[in-house]
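Input: a single structure, listed below in structure tokens.
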Protein chains: 4
Amino acid sequence: MVQPATPKGRGTRARIMAAAEELFAERGYANVRVADLAAAAGLTAGAFYRYFPDKHELTLELLRELTVEAFEFIRIPLEADSLIDSVTESTHKYFEFYERHRALFGVIVELSQSDAEIAEIWATSRRAFYGRISGALTRGSVAERIRGDLNLDLAAEMLGSMTEFYAFQRFVLRDPAVAGRPLGEASRTLATIWLSGIASASPSAEPRP
Amino acid sequence: MVQPATPKGRGTRARIMAAAEELFAERGYANVRVADLAAAAGLTAGAFYRYFPDKHELTLELLRELTVEAFEFIRIPLEADSLIDSVTESTHKYFEFYERHRALFGVIVELSQSDAEIAEIWATSRRAFYGRISGALTRGSVAERIRGDLNLDLAAEMLGSMTEFYAFQRFVLRDPAVAGRPLGEASRTLATIWLSGIASASPSAEPRP
Amino acid sequence: MVQPATPKGRGTRARIMAAAEELFAERGYANVRVADLAAAAGLTAGAFYRYFPDKHELTLELLRELTVEAFEFIRIPLEADSLIDSVTESTHKYFEFYERHRALFGVIVELSQSDAEIAEIWATSRRAFYGRISGALTRGSVAERIRGDLNLDLAAEMLGSMTEFYAFQRFVLRDPAVAGRPLGEASRTLATIWLSGIASASPSAEPRP
Amino acid sequence: MVQPATPKGRGTRARIMAAAEELFAERGYANVRVADLAAAAGLTAGAFYRYFPDKHELTLELLRELTVEAFEFIRIPLEADSLIDSVTESTHKYFEFYERHRALFGVIVELSQSDAEIAEIWATSRRAFYGRISGALTRGSVAERIRGDLNLDLAAEMLGSMTEFYAFQRFVLRDPAVAGRPLGEASRTLATIWLSGIASASPSAEPRP
DNA sequence: GATGAATGAGCATTCATTCAT
DNA sequence: CATGAATGAATGCTCATTCAT
């Protein structure tokens, strides 16, 4: 079940993964059969097992790829001198990333309650995101502009929650009431609220007009 | 499939519903069989069908009850003169409500991607929550203390998102990194960040110390 | 499971039997549940078993009554001196009898292939009918008017078959192509064809050896 | 659920159909489970569904084949110049056909009361048979030899009824009292009675000795 | 006599997975 | 590498039947 030897085999494997992402997005994980995945990749069900030991392992494989990309994301620092722009842009990029992989985020949400392994992957990734944010808040010049009565870890969790759920609603649930707005406005509003919310009262913490 | 005629029957029906909430919380919707539900209520599988046509209908019944309670919740107004306390308390109560029914919120999240009916129930309820918040923001004395550069509907969606996902993480996923904190702190921090985040820059909008 | 003691009980039992005949006619035996029978008699399923040990026994009970009536029928002799009228009338009466109990004839047909007991009841009754006919043919003045090249038992079976299947088509299957005709025409045509068919070519020629 | 791709698959499908015909003949439709059919074809129950969506559809498939054969049958004309031989032979062939497919005729009879689709198939086929007969009676030289007081459609229905029920009794119910006779005698007697029965009184209408 | 509750066996159907070709 | 066939375990659901009240 290692990487296929021939280029053709590698192509087939990639097609299965692409088909999975597509079908999961359309119908959710539980409503996709191995036979559907295989058919969407131009195969019969039996052939699927030449590439993945089972549906669950294929899913983990997809999530592993997703995680790699997510962690690259996390490595991008938040710029202290123009925090509002930096957070806005970072949020915006995250939204785009989320949208691109909405199928997988959907799968994560669908399965985390019953699949400990997936729950763990998600938890790890969330913690990394939160850590990145709270890290930025405690470093250098930023720290002094933040109100003293807040638990920064908690504040980071709140930002993360707001971001993640807004994205879920918009890209996975595709709630039209939410999805109708320009995405840029959402990113900026989110960043604005949160940054203003954690800033100390002095005018210097105000976001730029 | 109507209401049971005898007290015994009503008790059995209630036991099935209670068992469902318990088992859904433990294992998630997909991993609970009709036979499990029946057994947890002290019955054989066949008897289940005297009370509900199938697992899905039982779930809708539970969600209907949940919705009723949620809408009572929404009717409680946010007090304009002590917004921070009012939002804190309201958030806190919502967290308690969410925890009490964490199984059902988990089911909603698990199924919304594949079950249009449940997705609709959730969307309706979310919209009502958001409307309640944005309604409070546009009324009377509150309105003038809010920064002018925000879309209030969007701001309301952000508060709702933050609240809902924080609760989901804490009560459904039971992420220990999040669940360890005093709940009161979470409620207050959430309310504080958001209210400060939407307030206009004048000192009068600042939360009380 | 004997006859109920009270008049009320006897009434209930009769109602169940009437309901069975009605429901069997509507939907066929296999599509009628014990609960349906009970409900149609104004009872719950449990109460059914106070009157009959099971659905099969109820059916046999109905068929026993039918058989009694059928045998009374068979006892009526065919009049030799006006055979055509006699056969016509007898056929007509049989058609009326069949229509009145079309539900039970339907049940007999539906179950005879898989229920040996019912098959036996039917076979016995058919034999009696055929015997009555062939008996009439071999008696006295009739015999000499019948062609000599026929097996009379076989001729009797043919008459019986024609009668029974025509009735089945018309009253059980309710084939509109068949049911549209005046019943009297059918009775007379059937009798005419058959009697002419078995008659010797001229009154004097070819008496039976 | 299309035609199987390999010879092995086609063989399996054919084996299921053969097994069905055999088991239906033995026990009747209602007493045959999908698992029985599969087992009789050397399969597990699950494999059945690769070939047919359910037992009912398999049955319709069998009946479709039967209908095709029946309609070939109907196309054979009845020869006017030796009507008695022609009808005898035709009847005889029909009996052989009926015997060969006695299982399916049994299923038709068992299900027609509760299955409208099957009832319709049967009705159509009966009408075709009757039409063939009455058609022969109204054509050319035959017409003038038939008594004027008969409704020919009705006469055709009578012949059909006699034929069908005699066959049913003999080949499906396997009534020993009926089945003991030489089949040739039955065919000839049936044809003789009916043809003599519908003939006008002139000697020319008499069947040949 | 009747009810409503509960049982338990029976059966259909789905689907991940294996395997010979 | 891929197919088509087959397995077998799960699981949902129905319904005749029993029983306490």
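We did not get these values from a lab; they are worked out from the coordinates using the rules stated. None of these values were measured; they are calculated from a predicted model. Every residue, glycine among them, receives a Cβ derived from its backbone with ideal geometry; neighbour counts consider all protein chains shown.
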Handout entry: Nearest 10 degrees, 0 to 90: helix C:102-111 Cα axis against chain C principal axis
Key = 90
Exercise for the section: Return the single residue from C:Asp153, C:Asp36, C:Asp81 with maximal mean-square fluctuation; model: Gaussian network over chain C, springs between Cα atoms under 10 Å. Expected result: C:Asp81
Practice task
Would you mind giving the mean number of other chain beta-carbons within 10 Å of the Cβ of each residue in D:183-196, as a whole number?
Solution key: 5
Exercise for the section: Could you tell me, in Å, what Rg and Dmax come out for the Cα atoms of the protein assembly as shown? Expected result: 40.9, 134
Practice task
Classify region B:108-209 as rounded, prolate or oblate from the Cα gyration tensor: take a ≥ b ≥ c as the square roots of its eigenvalues, call it rounded if a/c is under 1.5, otherwise prolate when a/b beats b/c and oblate if not.
Solution key: oblate
Completion exercise
Ordered by number, the GluC sites (Glu not before Pro) in region D:112-147 that occupy a DSSP loop and have at most 13 other Cβ atoms within 10 Å are D:Glu144
Exercise for the section: Identify the trypsin sites (Lys or Arg not before Pro) of region B:19-100 meeting these criteria: DSSP loop state and at most 14 other C-beta atoms within 10 Å of the C-beta. Expected result: B:Arg33
Problem - Computed [θ] at 222 nm, helices only, for the protein assembly as shown once each DSSP H run of length n ≥ 4 contributes -39500 (n - 2.57) - result: -22000 deg cm²/dmol
Completion exercise
All alpha-carbon distances of region A:74-162, grouped into 10 Å bins from 0, give the whole-percent distribution 15, 44, 29, 12, 0
Problem - Nonlocal amide H pairs with B:Ile146, under 5 Å, H built at 1.01 Å - result: B:Ser200
Handout entry: Tilt relative to chain A, helix A:7-27 - C-alpha long axis, 0 to 90 degrees, to 10
Key = 60
Problem - In region B:120-203, trypsin sites (Lys or Arg not before Pro) in a DSSP loop with at most 16 other beta-carbon atoms within 10 Å - result: B:Arg139, B:Arg174
Completion exercise
Per principal axis, largest first, the Cα atoms of region B:7-53 extend in Å by 29, 17, 17
Exercise for the section: Using a 10 Å cut-off on Cβ to Cβ distances, tally the other chain neighbours for every residue of C:126-138 and report the average as a whole number. Expected result: 1
Fill in the blank from the handout: Averaging 1/r across every pair of distinct alpha carbons in region D:128-186 and inverting yields a Kirkwood hydrodynamic radius, in angstrom, of 13.0
Exercise for the section: Return the sequence-ordered ³J(HN,Hα) values of region A:73-86 in whole Hz as given by the Karplus equation 6.51 cos²θ - 1.76 cosθ + 1.60 applied to θ = phi - 60°, using x for Gly and Pro. Expected result: 4, 5, 5, 5, x, 8, 7, 5, 7, 9, 3, 4, 5, 5
Handout entry: Burial ranking of peptide ranges D:7-15, C:10-18, A:108-116 (average Cβ count within 10 Å, highest at the top)
Key = A:108-116, C:10-18, D:7-15
Handout entry: region B:168-173 - phi-based ³J(HN,Hα) in whole Hz, Karplus 6.51/-1.76/1.60, Gly and Pro as x
Key = 4, 4, 7, 9, 9, 6
Fill in the blank from the handout: Per-residue average of other protein chain Cβ atoms inside 10 Å, peptide B:167-174 -> 4
Problem - Where the Cα pairs of region B:1-159 fall when distances are cut into 5 Å bins, in % - result: 2, 8, 15, 17, 15, 12, 10, 8, 6, 4, 2, 1, 0
Exercise for the section: Taking the Cα centre of chain A as origin, work out the dipole magnitude from +1 charges on Lys and Arg Cβ and -1 charges on Asp and Glu Cβ, in debye rounded to 20. Expected result: 480
Problem - Inter-centroid distance (Cα atoms) of region B:120-184 relative to region C:7-25, Å - result: 64
Exercise for the section: Run the numbers on region C:83-198 and let me know its relative contact order in percent, using alpha-carbon pairs under 8 Å that are six or more apart. Expected result: 40
